[in-house]
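Inspection log for the structure reproduced underneath, given as structure tokens.
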Amino acid sequence: MKEITLEINGKEYKVKVQEFGAEKAKLSVNGTEYTVGLKDLGEPKALDIRPAAPPLKRQPAPAAKEGETLRKPREVVGSGHVTAPLPGLILEILVKEGDMVKAGQDVLIMEAMKMENEVQSPQEGTVKEIKVRRGDSVYEGDILIVLE
């Protein structure tokens, strides 16, 4: 659930987004629950209600010890990700970090265009990171799961 603070005419409102679909959303505003219809969503980024990703922590490359040559890092074969095929709402995540998945395996279910859609892994690999949670709204092309 995403929580945001809005200021309208100088007054603050605490809004909790409980569900967000293609045509309606369930919100709590200062503790009062509302179901609202969605008419014009405007630019997709205007309603990005996911929490911001933490900044990446960069670490310096290790120094070579005397008489040792560092190897170049090998290319990671098969690393990739699962992306949202279209805008929608995450209903269920079928895998957890560390799980092995096969190409074509269902990894999550999302609601899009009033239908439940199974999203499959494009390749075999291990689930390194799950970037979404149940109830998150996503846009087409958003990275949902990172594979290695």
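Residue pairs exceeding 32 angstrom between C-alpha atoms, taken from LYS39/LYS102; LYS39/LYS128; LYS2/LYS128; LYS14/LYS39: LYS39/LYS102; LYS39/LYS128.
Between the amide H of LEU144 and those of VAL82, THR83, ALA84, distances stay under 5 Å, these residues lying 5 or more places away or on another chain, with hydrogens modeled in the peptide plane. Across region 95-112, coupling constants 3J(HN,Hα) worked out from phi with the 6.51/-1.76/1.60 Karplus curve, θ = phi - 60°, read 10, 10, 4, x, 5, 8, 10, 9, 4, x, 6, 5, 10, 7, 10, 10, 9, 8 Hz, and Gly and Pro carry x.
Every read-out reported here was derived from the displayed coordinates using simple, explicitly stated rules and does not represent laboratory data. Note that this is a predicted model, so its numbers are computed, not measured.
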